[in-house]
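Here the structure comes first, spelled out in structure tokens, and everything after it is commentary.
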Amino acid sequence: MRKVKGFKRAKQLLARENFWEPFIASPELAPQTKQVLLSVQEVVDRIIGDVRSKGDKALFDYTEKLDGVRLDTLEVDRREVVAAYDIINKEVVAALEFAARKIWDFHVACEHKTGVFPIDKHLKRQVLPLQRVGLYVPGGTAAYPSTVLMMAIPAKVAGVEEIIMVSPPGKDGRIPAATLVAADIAKVNRIFKLGGAQAIAALAFGTESIPKVDKICGPGNIFVTLAKKKVYGTVDIDGLEGPSEIVIVADGTANPAFCAADLLAQAEHDPLALVILITTSADLADKVGKEIEIQLRKLKRRSTIKKAIDAGMLVLVDDMEQAVELVNLFAPEHLSIMTSDASALISKIRNAGCIFVGENSPVVLGDYVAGPSHVLPTGGSARFGSPLGVADFLKITNIIALDKPAMRRLSRAAVVIAEAEGLDAHAQAVERRLRAK
């Protein structure tokens, strides 16, 4: 990891100009990466166009071309889901069920009620769940059953009528058994073997087999992310998720082995994962660096981890005020606070997807079983974005029902504003009512 000394230099490195910065591994790669992004966008546009014009045929063709799998059918049969329970270890099933209960309990506690709610005599708000949502679950070379639970359960709590899940098949033409079991536990309605930009296009526009949804949620690679961005407006999206991020704020009391382990855990996701330690202790920074080297040797995915770790930063600051300012500037997906009085810093943090307080709250427990969704804002979008939750699957309609006295009380101000804006038809629509007997 790069050691960064000096608050001014740290601010320069941690300031993010736009969402795409997390996809740039180093400043030297920036021009090349931006050129690649242009070509990726062109590929995504072509895929979306083909799915819109050719429907299922395009989905089968792209799955064979890009995933190397020739499918006979896109939808997962119920028998495959049942058989998945016999494939995976019973302890895994039990762990997924345990996680599902924790996630369900958290989101029920956060539940936003649905129905029609009066504001006053003339105004109301109607809150309803979305009818159909699409969940994108990454796959192909790995299984992410936890992501299924983290998206589907808050949607169910919200009252979504139909949940459609898509996930790329492996070389055997199947979705990993653990992912299917998680979908069954979370009561996903339909599952399709489909990934990439073609899956996003299918959910957004619909095909012969796949129904059009109201909203698409879920993380994916750059093709998936650009496709989500492209179809936004046709459907809603949860956000544009980039590589995983962790910032640890620590002082000299922190356990260097724990700090190193948490940095390595997030680096395990992706070579482009962003891993940063901000500390007031030069001694801790040195010890964390050494711990990373020791622990890395024993990890299976060390080649992936090492790339992220090499691009990571050990930032030395003068005090916690500087550390907090850097955190709010960077707006990390995960923020871990390991200081002698960690709780005291919470109120000072404005920008973070999820805050993990103290050494007994590792990010990994948030990834799987603590309860809140691990689908979090990345790329600095924690400045304005929020974790995925029940509210993401609800929509609000305002209701105005005025009687004649109320209409008359409001009318003069409306007419004056309409005339000031030069909209005489607006003014006339009110004045005609005032003149009517």
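The values are calculated or read from the model by the stated rules, or taken from the named source; none is laboratory data. Everything numeric here is computed off the predicted structure, so don't read it as measured data. Cβ atoms come from the backbone with ideal geometry, glycine included; neighbour counts cover every protein chain shown.
Please work out if residue 157 is in contact (Cβ under 8 Å) with a residue 60 or more places away in the chain, surrounded by fewer than 17 Cβ atoms within 10 Å (Cβ to Cβ), assigned by TED's automatic domain parsing to the domain that holds residue 186 and of a type in the set (A, V, I, L, M). Please lay out each step first, then the result.
On the way: in contact (Cβ under 8 Å) with a residue 60 or more places away in the chain: yes; surrounded by fewer than 17 Cβ atoms within 10 Å (Cβ to Cβ): no; assigned by TED's automatic domain parsing to the domain that holds residue 186: yes; of a type in the set (A, V, I, L, M): yes.
So residue 157 does not fit the description; no.
Suppose the filter is under 23 Å from the mean Cα position of the chain (by Cα) and surrounded by 13 or more Cβ atoms within 10 Å (Cβ to Cβ); does residue 342 pass it? Can you show your working first?
Values: under 23 Å from the mean Cα position of the chain (by Cα): no; surrounded by 13 or more Cβ atoms within 10 Å (Cβ to Cβ): yes.
In short, no.
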Quick check on my filter: what residues within the stretch 287-326 are farther than 15 Å from residue 264 by Cβ and touching a Leu at 6+ places or on another chain (Cβ under 6 Å)?
326
For the stretch 214-253, give me each residue that is within 30 Å of residue 288 (Cβ to Cβ) and part of a strand (DSSP E or B).
245, 246, 247, 248, 249, 250
Checking residue 143 against (1) in contact with a helix residue (DSSP H, G or I) (Cβ under 7 Å, 6 or more places away or on another chain); (2) crowded, with 21+ Cβ neighbours inside 10 Å; (3) modelled with pLDDT of 95 or more, only one condition comes out false. Which one?
(3)
By residue number, the members of the stretch 412-437 that are closer than 17 Å to residue 402 by Cα, touching a helix residue (DSSP H, G or I) at 6+ places or on another chain (Cβ under 8 Å) and either hydrophobic (A, V, I, L, M, F, W, C) or exposed (fewer than 12 other Cβ atoms within 10 Å of the Cβ) (or both) are 414, 415, 430, 434
Would you check which residues across the stretch 119-140 are crowded, with 18+ Cβ neighbours inside 10 Å and not in a strand (DSSP E or B) and list them?
130, 137, 138, 139, 140
With the condition kept exactly as written, say whether any residue in the stretch 244-253 is within 30 Å of residue 130 (Cα to Cα), in contact with a Ser or Thr (Cβ under 9 Å, 6 or more places away or on another chain) and polar (S, T, N, Q).
yes
Would you pick out the residues in the stretch 200-259 that are under 12 Å from the mean Cα position of the chain (by Cα) and among the hydrophobic types (A, V, I, L, M, F, W, C)?
216, 217, 237, 240
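Is there a residue being of a type in the set (Gly, Ala, Ser) and not in a helix (DSSP H, G or I) anywhere in the stretch 413-420? Walk me through it before giving the result.
First, the residues of the stretch 413-420 that are of a type in the set (Gly, Ala, Ser): 413-414, 418, 420.
Next, only the ones that are not in a helix (DSSP H, G or I) stay: none.
So far as the stretch 413-420 goes, no, none of its residues is of a type in the set (Gly, Ala, Ser) and not in a helix (DSSP H, G or I).
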Hey, does the stretch 366-377 have a residue that's surrounded by 18 or more Cβ atoms within 10 Å (Cβ to Cβ), farther than 23 Å from residue 101 by Cβ and touching a residue at least 12 places away in the same chain (Cβ under 8 Å)?
yes
Return the residues of the stretch 315-326 that are surrounded by fewer than 24 Cβ atoms within 10 Å (Cβ to Cβ) and of a type outside the set (S, T, N, Q); say none if nothing qualifies.
316, 317, 318, 319, 320, 321, 324, 325, 326
Pick out the one residue from 214, 184 that is more than 14 Å from residue 138 (Cβ to Cβ) and out of contact with any Leu (no Cβ under 9 Å at 6 or more places or on another chain).
184
Criterion: closer than 24 Å to residue 328 by Cβ and without any contact (Cβ under 8 Å) to a residue 60 or more places away in the chain - qualifying residue of 408, 383
383
Candidates 93, 116 - the one that is more than 20 Å from residue 203 (Cβ to Cβ) and assigned to a strand (DSSP E or B):
116
